[in-house]
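Colleague: Here it is: the structure, laid out below.
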Amino acid sequence: MGGANEPRPLFGLGILANADPARAVFVVEGEKAAAALHSLGLVAVTSQGGAKAAEKADWSRLAGHSAVFLLPDNDEPGEGYITTIAGILSRFENPPALSVVRLPNLPEGGDVADWLKTRLDDALLDWDEFEPVPDLSLKEVFQAVVKAHVEPVPDDWTAAPAENVTEWQAPISLEASYLPPWPDAVFPDVVQEFVNALSASTETPQELPALMVLAAISAAAQGKFRVRVKSDYFEPVNVWPCCALIPGSRKTAVQNAATAPLTIWEGWQREILEPKIKRAKSEHATITEQVGHLRKQAAKLGGAEFEKLKDQIANLEAKLPEIPKVPQVWAQDVTPENLGTLMGDNSERMAVLSDEAGIFDTLAGRYSGGIPNLDLFLQGHAGSPVRVNRGSRPSIFMRNPCLTLGLSPQPEVLRGLTANPSFRGRGLLGRFLYALPASNLGYRTLDTRPMPEEVKERYQRVITDILNTAPAHDAEGNHCSHILKLSSEARDAFQAFSLKVEAGMREGGTFAHITDWAGKLPGAVARIAALFHIARHVSNGPGQLEISIEDVTAALRMGDTLSAHALAVFDLMGADPALDGARVILRWIEREGKAEFTFRDCHYAHKTRYKRSSEIEPAIEVLAERHFIRQRVEKVAHRPSRIFEVNPGFLKNET
């Protein structure tokens, strides 16, 4: 009778007490939701009394647990409940790692029990949501969805209550997004070992070797495989990684190491074909000489003798051997016209791999009078048919062209790309997988060990095996791609991720301003998962196996990280000068520790950037709009002086 004494004990303490502190703990709203997760063998707790009573519970029993996942109900009270708990847990002396998971496709007010019910087979739909969950296989599905939708808890959920700042609103960040650490252990073991060793030996951010290795796997596998996402939806496996770093970051060394197996394989093919090429050239020259001799004789004859020589010439020309061409996997700086020829000579495939950004100048029309020439590149990414006309030479028709781009330009190059409206307007910039890692120049040890040879050899063997993989054949015996399929678990996780991205493209969503990029993100993740699968199983015939939840989950983790980097890159590309200026002024405020400043002092401190006072006004307005500063007007020596106060909450956080 009556309410429990406060602080009230949590529901689920029996499960929690017997759980290893290293196990994940799920915090949900309501006993029903917690009990549903208990029946799946998971650790879950909730408080008594509903969404408004979170602060009356004894959450101290979660101290010492390493990871807590917060699952809000799909309504405003549910969000507020979880926000309150995040604030409580974050103030522990040794708080657990906090994450928030918003389950996809929840109805209004729905919770985890509703989510589980929608995934039960028809025969089990009479589950009353109070008895144990009848289908225990949902545990793996639930865990995969959690991994696909886990997000860091927003900073304002865990911020300590500010002192004397009640009249200020919380400042709105000037940054596009938080750049999370690059995900570890996403590649198959042999490849991941190479990525780690390459990053360590060159002292480069792991984003660079990871994306250059991804480009190398793509170059080797493209055209030989496709992934069937749904019965009527296929993706090729070529990708366009682009990792931006400032000069001096050892980009060339990383690219050379990542592409070395491609170059070595090309050398082997040249050695194998050299005798055949020499023989074919000799035979071709001999027959050509004989044809020339017969033509001279035919020119002097007529009638039956002429017809006889004409037939001999035609027969000889029909016997002219085709001179074999040495396979080429990648190029560095090509025009669109030369690229079409290269792809036509190499089974409709080519990779452009470069540690510079000259290809962007080429695409912008360096060799075509300033007229952008994007068609072959766009069609090569999508795998759609293309015809290349080459002047006086025969045109080339490609049914399934495949093009890989692996670039590591300077960040300043990316900044200027949106100056060409065709690049974004036609979808070129939306196809790249961007990374914008922080530079570590000035902090390197310059005393690293070379990569072990056995690590190089194992990586080379993987790439070589992919290059040596024979194509599949269709019913008519023509070459075609091996078709890779997703396992049922992998398909469910991919669908959940796709829905999350779709929701993010709504007005006001995370991806609302980069829908051209986000619209291609699920397809890119499917391609990455396929590349992981190919590298993992190439020696066992990857076309005979389904892409596992392991590889899809790894690709989803990479996709989430690439999303954060894409937000930062597109902010860099289309950066508003006023926003850039606001960042400069904010760094000055932080560096000087200013609680207030005058407009005159601010302009004087930045006079090299802003020659006239009117030029700094837009940056000041941005800081005011985002609640970093506010103006008060006072009179100093009978002259009005614009004085700006700085948000104490910002200063306290920076301190």
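The values are calculated or read from the model by the stated rules, or taken from the named source; none is laboratory data. These figures come from a predicted structure and were not determined experimentally. Because the Cβ atoms are built from the backbone with ideal geometry, glycine has one as well, and the counts that use them run over all protein chains shown.
Colleague: Of Ala53, Ala63, Ala67, Ala17, which residue is surrounded by fewer than 17 Cβ atoms within 10 Å (Cβ to Cβ) and touching a Phe, Trp or Tyr at 6+ places or on another chain (Cβ under 6 Å)?
Modeller: One residue alone meets the criteria, Ala63.
Colleague: Can you tell me which residue among Phe511, Phe497 is touching a Leu at 6+ places or on another chain (Cβ under 6 Å) and not assigned by TED's automatic domain parsing to the domain that holds Gln222?
Modeller: Phe497
Colleague: Keeping to the stretch 501-513, report how many residues are part of a loop (DSSP other than H, G, I, E, B), under 14 Å from the mean Cα position of the chain (by Cα) and at pLDDT 90 or above.
Modeller: Of the residues in the stretch 501-513, 0 are part of a loop (DSSP other than H, G, I, E, B), under 14 Å from the mean Cα position of the chain (by Cα) and at pLDDT 90 or above.
Every residue, every condition in (1) closer than 24 Å to Asn468 by Cα; (2) touching a residue at least 60 places away in the same chain (Cβ under 8 Å), yes or no:
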residue	(1), (2)
Asp189	yes, no
Glu193	yes, yes
Ala197	no, yes
Thr202	no, yes
Pro205	no, yes
Ala219	yes, yes
Arg228	yes, yes
Ser231	no, no
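Colleague: Would you check if Arg587 is charged (D, E, K, R), crowded, with 20+ Cβ neighbours inside 10 Å and either modelled with pLDDT under 90 or within 30 Å of Glu151 (Cα to Cα) (or both)?
Modeller: No: the conditions fail for Arg587.
Colleague: Within the stretch 407-438, can you find the residues that are outside any helix (DSSP H, G or I) and over 19 Å from the mean Cα position of the chain (by Cα)?
Modeller: Of everything in the stretch 407-438, those that are outside any helix (DSSP H, G or I) and over 19 Å from the mean Cα position of the chain (by Cα) turn out to be Gly416, Asn420, Arg426.
Colleague: Does the stretch 483-533 hold any residues that are more than 15 Å from Gly430 (Cα to Cα) and of a type in the set (Ser, Thr, Tyr), and which are they?
Modeller: Once the filter is applied, which keeps residues that are more than 15 Å from Gly430 (Cα to Cα) and of a type in the set (Ser, Thr, Tyr), the stretch 483-533 yields Ser487, Ser488, Ser498, Thr510.
Colleague: Looking at the structure I just gave you, is Leu484 surrounded by 13 or more Cβ atoms within 10 Å (Cβ to Cβ), in the same structural domain as Gly340 (by TED's automatic domain parsing) and not in a loop (DSSP other than H, G, I, E, B)?
Modeller: For Leu484, the condition - surrounded by 13 or more Cβ atoms within 10 Å (Cβ to Cβ), in the same structural domain as Gly340 (by TED's automatic domain parsing) and not in a loop (DSSP other than H, G, I, E, B) - is not met.
Colleague: Search the stretch 398-431 for residues being among the small types (Gly, Ala, Ser) and in contact with a Lys or Arg (Cβ under 7 Å, 6 or more places away or on another chain), and hand back the single one that is nearest to Trp330 (Cα to Cα).
Modeller: The qualifying residue nearest to Trp330 (Cα to Cα) is Ser408.
Colleague: Listed residues Ala304, Ala314, Ala318; which is free of Cβ contacts under 8 Å to residues at least 60 places away in the same chain, over 30 Å from Val388 (Cα atoms) and either surrounded by fewer than 17 Cβ atoms within 10 Å (Cβ to Cβ) or touching an Asp or Glu at 6+ places or on another chain (Cβ under 8 Å) (or both)?
Modeller: Result: Ala304 is the single residue among Ala304, Ala314, Ala318 that is free of Cβ contacts under 8 Å to residues at least 60 places away in the same chain, over 30 Å from Val388 (Cα atoms) and either surrounded by fewer than 17 Cβ atoms within 10 Å (Cβ to Cβ) or touching an Asp or Glu at 6+ places or on another chain (Cβ under 8 Å) (or both).
Colleague: So, Ile264, is that one at pLDDT below 90, among the β-branched types (Val, Ile, Thr) and either farther than 30 Å from Pro437 by Cα or under 46 Å from the mean Cα position of the chain (by Cα) (or both) or not?
Modeller: no
Colleague: Tally the residues that are closer than 17 Å to Phe650 by Cβ and outside any helix (DSSP H, G or I), restricting the search to the stretch 610-631.
Modeller: Residues flagged as closer than 17 Å to Phe650 by Cβ and outside any helix (DSSP H, G or I) within the stretch 610-631 amount to 6.
Colleague: Name the residue, out of Thr404, Thr341, Thr335, Thr362, that is closer than 29 Å to Ala257 by Cα, surrounded by 19 or more Cβ atoms within 10 Å (Cβ to Cβ), at pLDDT below 90 and assigned by TED's automatic domain parsing to the domain that holds Ala260.
Modeller: Matching residue, one of Thr404, Thr341, Thr335, Thr362: Thr362.
Colleague: Now, a different point. Is it the case that Leu376 is at pLDDT 80 or above and part of a helix (DSSP H, G or I)?
Modeller: Yes: the conditions hold for Leu376.
Colleague: Of all residues in the stretch 576-604 being acidic (Asp, Glu) and part of a helix (DSSP H, G or I), which is farthest from the chain's Cα centre (by Cα)?
Modeller: The residue in question is Asp601.
Colleague: For a quick check of your reading of the model, give me the residue pairs whose first member lies in the stretch 22-47 and is assigned by TED's automatic domain parsing to the domain that holds Val133, whose second is polar (S, T, N, Q) and surrounded by 21 or more Cβ atoms within 10 Å (Cβ to Cβ), with beta-carbon atoms closer than 8 Å and at least 6 apart or on different chains.
Modeller: Val27/Thr46; Val28/Thr46; Glu29/Thr46; Gly30/Thr46; Glu31/Thr46; Ala33/Thr46; Ala34/Thr46
Colleague: Could you please let me know if Val569 is free of Cβ contacts under 8 Å to residues at least 60 places away in the same chain, within 17 Å of the chain's Cα centre (by Cα), assigned to a helix (DSSP H, G or I) and crowded, with 23+ Cβ neighbours inside 10 Å?
Modeller: No; evaluated as a whole, the condition is false for this residue.
Colleague: Give the stretch 523-542 a look and list any residue that's crowded, with 21+ Cβ neighbours inside 10 Å and either in contact with a helix residue (DSSP H, G or I) (Cβ under 6 Å, 6 or more places away or on another chain) or farther than 20 Å from Thr404 by Cβ (or both), or say none.
Modeller: Within the stretch 523-542, Val525, Ile528, Ala529, Leu531, Phe532, His533, Ile534, Ala535, Val538, Pro542 qualify.
Colleague: While we're looking at this one, here's another question. Would you check which residues across the stretch 401-415 are in contact (Cβ under 8 Å) with a residue 12 or more places away in the chain and not polar (S, T, N, Q) and list them?
Modeller: Pro401, Cys402, Leu403, Leu405, Gly406, Leu407, Pro409, Pro411, Val413, Leu414, Arg415 - these are the residues of the stretch 401-415 that are in contact (Cβ under 8 Å) with a residue 12 or more places away in the chain and not polar (S, T, N, Q).
Colleague: Separate question: When you look at Arg458, is it in contact (Cβ under 8 Å) with a residue 40 or more places away in the chain and not assigned by TED's automatic domain parsing to the domain that holds Gln328, yes or no?
Modeller: The answer is yes for Arg458.
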